[in-house]
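Student: First the structure, which I've put down as C-alpha cells, then a few questions once you've had a look.
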Amino acid sequence: MIEVREVTKRYGDKTVVDRLSFTARPGQVTGFLGPNGAGKSTTMRMIVGLDAPTSGDVLVNGKVYATSTAPLQELGVLLEAKAVHPGRSAVAHLLAMARTHGIPRSRVDEVLHLAGLEQVAHKRVGAFSLGMGQRLGIAAALLGDPAVVMLDEPVNGLDPEGVLWVRNLLAGLAAEGRTVLLSSHLMSEVSLIADHLVIVGRGRLLADTTVADLVTAEGVRVVTAAPDDLRALIGGAGVTVTSTGALAGEELFVTGLSAREIGLAAATRGIPLFELTPQNASLEEAFMDLTRDAVEYEAAR
C-alpha cells in the first residue's frame, strides 16, 4: 500500500505539491494522472525518498520507504528507464542490483524472460531502443518480487505487443494482491488497465474515484450565449459545470442535472440555449474537463 498524507512540497516560493492525500491499495491498479506540471513526478520521487516532503507523510506498507532494509523487495520502481549505465549489459545491470539484496541469479533470468529480453541480455544498454529500455526498466522494478509496484509511463516506446504485455502484466500483479501505481498520459491505456484513479492538477487533488464513476457519469453538453449566467443559475451542490473551451467559450459540460432540468431552468430566466446534448464522457474527455483549469503548460490553438 502507498499512503500520501497531506503532503506539500515547495521549491523556494513555488509550491509543486499542495496538501495532497491519496491511497493506492493492494489488489488494484491505481492510475495517477495529471497534466504536465501537476506534481506527479515530484510525488513519486517523494514516495521513494528521492525528494523529501516539505510537510506531510509518505508511507509504503506503513513505513517510510527509505527505512526499508530490503527496498527492492518492498517497492519496485520505474521512474526513468534510461537511468542505466550505457556500457553495461542488461544482465550485468540486473545482477548488480540483485547482489545488493541477495537476490539469486535465477531471478535475474526470470525477469529477463518475463520482459522478453533474453536475446539481448548481453547487449550493451546504450544500444537499446526506447522500447527495449522500457522493458529493462520494468524488469528491474520486478526484480525483488515486490508487493508494491510504481511505474511512470511504462508503455513509452513500446510496440502494440509490448503495450498489451504491460497491460496484462499489471492486471496480473493486481490480481495477485499487489499494489500497482501507474502514471501515464495515455488515457486509452489507463481506461483499460486502471481500477482506480487519482487525478491531480497544480499539485492538488482533483479527483479520487473509480474509472467507472468518472467515465460513465452522465453529463450534458450545453451551448449557450450566456454561459456565465447559466453557470450561476444551475451551479450548486451535486452539480458540476465546466467549460470545454470550444465555440468561443459558449460550450459547457454539466453533470448532476438532466438536459430537461437544464432547459427548464434556463427558460425561467430567458437564457438562450443553442444545444442540449446528453452524453457520456470518455476517460480522455472527462480528464480534459476535470483538469482544464489546472493546465500549467497549454499550447496555442
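The values are calculated or read from the model by the stated rules, or taken from the named source; none is laboratory data. Everything quoted here is computed from the prediction, not taken from an experiment. All Cβ positions, glycine included, derive from the backbone under ideal geometry; neighbour counts span all protein chains shown.
Student: Being modelled with pLDDT under 95, under 16 Å from GLU3 (Cα atoms) and among the small types (Gly, Ala, Ser): is that true of ALA83 here?
Tutor: Working: modelled with pLDDT under 95: yes; under 16 Å from GLU3 (Cα atoms): no; among the small types (Gly, Ala, Ser): yes.
When the stated conditions are applied, ALA83 does not pass them.
Student: Is the range 31-50 home to any residue that is buried (at least 20 other Cβ atoms within 10 Å of the Cβ), assigned by TED's automatic domain parsing to the domain that holds PRO104, β-branched (Val, Ile, Thr) and in contact with a Leu (Cβ under 9 Å, 6 or more places away or on another chain)?
Tutor: yes
Student: Pick out the one residue from ALA171, ALA147, ALA139, ALA127 that is buried (at least 19 other Cβ atoms within 10 Å of the Cβ) and of a type outside the set (Asp, Glu).
Tutor: ALA139
Student: Would you mind stating whether LYS9 is free of Cβ contacts under 8 Å to residues at least 40 places away in the same chain and not β-branched (Val, Ile, Thr)?
Tutor: So LYS9 fails the test.
Student: Show the residue pairs meeting these rules: Cβ distance below 8 Å; 6+ apart or different chains; first residue within the range 118-145 and touching a residue at least 40 places away in the same chain (Cβ under 8 Å); second residue charged (D, E, K, R).
Tutor: VAL125/ARG88; GLY133/LYS82; GLY137/GLU80; LEU143/ARG107; GLY144/GLU74; ASP145/ARG107
Student: What strands (runs of 3 or more DSSP E), lying completely within the range 158-236, carry at least 1 residues that are without any contact (Cβ under 8 Å) to a residue 60 or more places away in the chain?
Tutor: Because the criterion is at least 1 residues that are without any contact (Cβ under 8 Å) to a residue 60 or more places away in the chain, the strands (runs of 3 or more DSSP E) in the range 158-236 that meet it are 204-210, 218-224.
Student: Quick check on the range 29-48. Is at least one of its residues touching a residue at least 24 places away in the same chain (Cβ under 8 Å), assigned to a helix (DSSP H, G or I) and in contact with a Ser or Thr (Cβ under 7 Å, 6 or more places away or on another chain)? Spell out how you get there, then give the answer.
Tutor: Let us first name the residues in the range 29-48 that are touching a residue at least 24 places away in the same chain (Cβ under 8 Å), namely 29-48.
In the following step, the residues that additionally are assigned to a helix (DSSP H, G or I) were identified as 40-47.
So of that shortlist, the ones also in contact with a Ser or Thr (Cβ under 7 Å, 6 or more places away or on another chain) come out as 40, 44.
Scanning the range 29-48, I find at least one residue that is touching a residue at least 24 places away in the same chain (Cβ under 8 Å), assigned to a helix (DSSP H, G or I) and in contact with a Ser or Thr (Cβ under 7 Å, 6 or more places away or on another chain), so the answer is yes.
Student: What is the residue count in the range 51-66 for residues that are surrounded by fewer than 18 Cβ atoms within 10 Å (Cβ to Cβ) and of a type in the set (A, V, I, L, M, F, W, C)?
Tutor: 4
Student: Now a separate question. Please indicate, with yes or no, whether at least one residue in the range 121-135 is of a type in the set (A, V, I, L, M) and under 24 Å from ARG178 (Cα atoms).
Tutor: No.
Student: I've got another one for you. Looking only at the range 53-100, filter to residues that are basic (Lys, Arg) and touching a residue at least 12 places away in the same chain (Cβ under 8 Å); which one of those is nearest to THR43 (Cα to Cα)?
Tutor: At the first step, the residues of the range 53-100 found to be basic (Lys, Arg) are 63, 82, 88, 99.
Filter once more, so that each one left must be touching a residue at least 12 places away in the same chain (Cβ under 8 Å): 82, 88.
Details: LYS82: 20, ARG88: 30 Å.
Once the filter is applied, the top-ranked residue is LYS82.
Student: Additional query: I'm trying to understand the selection: among the residues of the range 67-96, which are under 19 Å from ASP152 (Cβ atoms) and surrounded by fewer than 15 Cβ atoms within 10 Å (Cβ to Cβ)?
Tutor: GLU80, LYS82, ALA83
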